[in-house]
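Participant: Before anything else, here's the structure in question.
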Amino acid sequence: MKNRSVWLMAVALCGIIVLGMLLALPAIINADANQDGMSAVDFTKFYKNALISPLTKATSEVTDPQLAQFSQKLVTAYELDKTGANTNEQSNLSNLVPDITKINKVALDMPLKEAGKQIQDKELSDFYNRFITECGVGK
């Protein structure tokens, strides 16, 4: 009985997918590549806004001034505003993918670098900076 229920649910899901494709078929057939639509440049502007605005909003809502300043530096260091900078009408969507490697590296390194700036003792600061450099921070 259990196998029959799973089988029926799978058939129903496939049916819904096929029905959706059939309903979209007239729109796909009648679509014309020359129709007016959103240009790649306009799409890039909307995309960048959707990418950047949640992070900017989140950093603006932080109440601690030092944490807010750090958050803003972090978001700026991600360089998401440069995503799709060279987009034109012939660009492909791969230009819109942010540099994930850079974002990951910044997210790992920046907190350690910023923490080192807060150390007042010269000897301790030198030791800390040598330590994080030897750990690979900034490379």
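Please treat every number below as a calculation from the coordinates, not as lab data. Everything numeric in this text was worked out from a predicted model, so none of it was measured.
Participant: To one decimal place, what orientation-averaged projected area in nm² is obtained for the convex hull of the Cα set of segment 40-82?
Facilitator: 2.8
Participant: Apply the Karplus curve 6.51 cos²θ - 1.76 cosθ + 1.60, θ = phi - 60°, to the phi angles in segment 111-125 and return the couplings in whole Hz, x for Gly and Pro.
Facilitator: Taking θ as phi minus 60°, the curve returns x, 5, 5, 5, 5, x, 5, 7, 6, 7, 5, 4, 5, 5, 5 Hz for segment 111-125.
Participant: At a Cα cut-off below 17 Å, give the lysines reachable from Lys113, other chains included and same-chain residues fewer than 8 away excluded.
Facilitator: The qualifying lysines are Lys73, Lys102, Lys105, Lys122, Lys139.
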